[in-house]
Each structure stands twice: as C-alpha cells, then as structure tokens.
Amino acid sequence: MALLRCDFFSDVLGVGTSMSVILPQPTSAQIGLTGAAPVAEPPVLYLLHGMSDDATTWVRRTSIERYTTELGLAVVMPQVGRSFYVDEHHGSRYGEFVQDELPALVQRFFRVSDRREDTFVAGLSMGGYGAFRWALDRPERFAAAASLSGVLDLAGLRSARPDLEPVFGPGPVGGSRHDLVARLADVDTATVPRLWAVCGTEDELLPGNETFVAAARAADVPLTWSAGPGRHDWAYWDARIQDVLAWLPLAHRKDPTS
C-alpha cells in the first residue's frame with residue numbers, strides 16, 4: 001500500500017485543506033504483508049472522521065492500512081473540522097466540498113474507479129452521520145454506506161448541544177433536511193445504497209441509533225444493524241472497521257456478507 005498526505009486548495013472552502021489517502025500496491029517481498037494486485041481503477045472507500053479528529057486519525061488510531069492491503073481498495077480520508085459534513089449555518093460549505101468537490105478532485109489526482117458499484121462511504125460518530133447523510137443525498141454515487149457509533153438521531157443530540165448552533169443554526173433540527181430519521185420516510189428504497197450500522201451497548205449514542213433503526217424498518221429501508229459490547233472509543237472502532245471491510249460488496253468477492 002501507498003500512504004499519502006495530500007495538501008490541496010479547495011475552491012468551495014476558499015482555503016487549503018488536506019486528505020489522507022491509501023492506494024493499493026501489489027507486493028510480494030514485504031514481510032508480513034502481501035498487497036493485492038489492484039485493478040486498473042481500484043474501488044474506493046471514503047472514510048470519515050469524528051468531531052474531535054482530522055484527516056490523519058484513522059491511520060493513527062487503527063490499522064486501516066494493514067486491513068485493506070489484500071483488498072485492492074483505495075481509502076480517502078478527508079478533513080472537515082467539526083462541520084458534520086454539511087454546509088454550516090455560520091461557516092463553510094463542507095457539505096458541498098465533500099459531496100461534490102472532493103470526489104472530482106480524487107478523480108483528478110488519483111486513478112480510482114468512479115463507478116457506483118465500486119464506491120463506498122463509512123464513518124464514526126460525526127462521520128457516521130456524514131456517511132449516511134452523503135448516501136441519502138447522493139444515492140447514485142454509492143453501493144454501500146456504513147456508520148460506526150454514528151450520530152444518527154441528530155434531533156435528540158442537537159437539543160443538548162448548544163455548541164452545534166454555528167453548524168445547524170439556532171432552531172431545532174427535527175424534521176429539517178439535517179434530520180436523518182425524518183428523511184427516511186421519503187427515501188426511495190429502490191435506489192438507496194446498502195446501509196450498515198453498528199453501535200456499542202455502553203455507548204451513549206445507542207438510543208439514537210436504535211431510533212434510527214426503528215425508523216428505517218418502519219420505512220422498509222434496507223439496513224443491517226448490530227449492537228454489542230463496546231464504548232465510544234478506538235478499541236471498538238478498530239474492531240468494527242474490520243467488520244465493515246468484510247461487509248463491503250467488493251466486486252472480486254463472490255459472496256459478500258449481507
């Protein structure tokens with residue numbers, strides 16, 4: 001694998017920003033690792049960070065580079081501050097940056113696939129919200145989306161977090177375009193990507209995840225859900241990202257886990 005830090009200018013944000021990128025590399029002499037021979041344009045996973053993190057955190061706190069070595073999978077990890085991957089009420093247009101500008105830049109900078117069946121998104125906590133928000137906003141882009149301990153019931157969290165006002169504005173978010181639970185009622189189940197969500201049973205975000213799961217089932221939105229022992233920490237996410245990678249419907253796997 002090749003691990004790159006890419007510093008670039010964003011026209012949408014009007015500032016320089018960064019992303020970390022893992023690219024497949026076939027290897028045979030590297031001790032302990034065997035890199036898969038990538039196809040001409042490998043599949044790509046957009047992997048989103050949480051509220052207190054940045055573009056480096058997945059590489060620093062998990063073994064994501066090692067886990068993807070034999071998959072022939074590129075991984076793109078952008079940096080969005082505390083924006084929740086949306087156009088901030090007072091701030092920058094991170095929603096437009098992530099959903100529109102970032103994929104175009106990735107295609108320009110790197111030789112990766114842009115086909116829907118080869119494109120995936122996942123994230124933790126704030127990034128779990130971002131992954132599902134992006135998948136619902138742009139269902140034609142992704143084959144699958146995963147949330148690890150995601151902020152999936154934003155309406156419940158927003159009322160207890162006044163520090164989120166610069167992002168979402170002064171009012172409640174329930175029923176707005178930011179409310180993932182409310183948006184499930186209008187989802188086109190024929191076009192929505194495969195969704196996978198997981199949360200630890202000792203995580204304070206578990207009730208919000210259960211609210212989202214119930215709403216998805218009521219709307220007949222396909223969703224794979226699991227909850228088990230775990231807290232809102234990197235020990236849990238390092239283990240669960242391996243589950244996500246095993247679940248992704250990569251084209252070279254004949255029987256991906258559903």
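Short-range pairs are left out: with C-alpha atoms under 8 Å and at least six residues apart, the relative contact order of the stretch 16-121 is 33 percent. If R0 equals 30 Å, the separation of the Cβ atoms of T189 and V39 corresponds to a calculated FRET efficiency of about 0.50.
With both labels modelled 7 Å from their Cα along Cα-to-Cβ, the F110 to S176 distance reads 3.2 nm. In this structure, T27 and R60 have a Cβ-Cβ separation that, at R0 = 22 Å, corresponds to a calculated FRET efficiency of about 0.45.
For the chain, what is the mean residue ellipticity at 222 nm derived from helices alone (per DSSP H run of n ≥ 4: -39500 (n - 2.57); sum divided by total residues; nearest 500 deg cm²/dmol)? Working shown, then result.
Values: 9 runs with 69 residues, N = 258.
Per the formula, -7000 deg cm²/dmol.
Working from label points 7 Å from Cα in the Cα-to-Cβ sense, the H89 to A160 distance is 1.9 nm. With the Kirkwood sum run over all distinct C-alpha pairs, the stretch 185-236 has a hydrodynamic radius of 11.9 Å.
Calculated from the alpha-carbon coordinates, the chain shows an Rg and a Dmax of 17.5, 58 Å respectively.
P(r) for the stretch 135-229, from all Cα pairs and a bin width of 10 Å, is 16, 47, 32, 5 %, short bins first.
Counting only trypsin sites (Lys or Arg not before Pro) that are in a DSSP loop and have at most 16 other C-beta atoms within 10 Å, tell me the longest site-free stretch of the chain. Before the final figure, lay out each step's value.
Working: sites that count: R82, R111, R115, R177, R231, R253, K254.
It works out to 1-81.
Over the stretch 1-61, the hull volume per residue, using the convex hull of the C-alpha atoms, is 119 Å³. Dividing the Cα radius of gyration of the stretch 1-135 by its Kirkwood radius returns 0.97 for Rg/Rh. Computed from label points 7 Å out along Cα-Cβ, the spacing between E117 and D7 is 4.0 nm.
Contact order for the chain, expressed relative to its length and based on alpha carbon pairs under 8 Å spaced 6+ residues apart, stands at 16 percent.
Bear in mind these aren't lab numbers, they're just calculated from the coordinates by the rules spelled out. All figures in this text were calculated on a predicted structure; none of them were measured in a lab. Note that each Cβ is placed from the backbone with ideal geometry, even for glycine, and that neighbours are counted across all protein chains shown.
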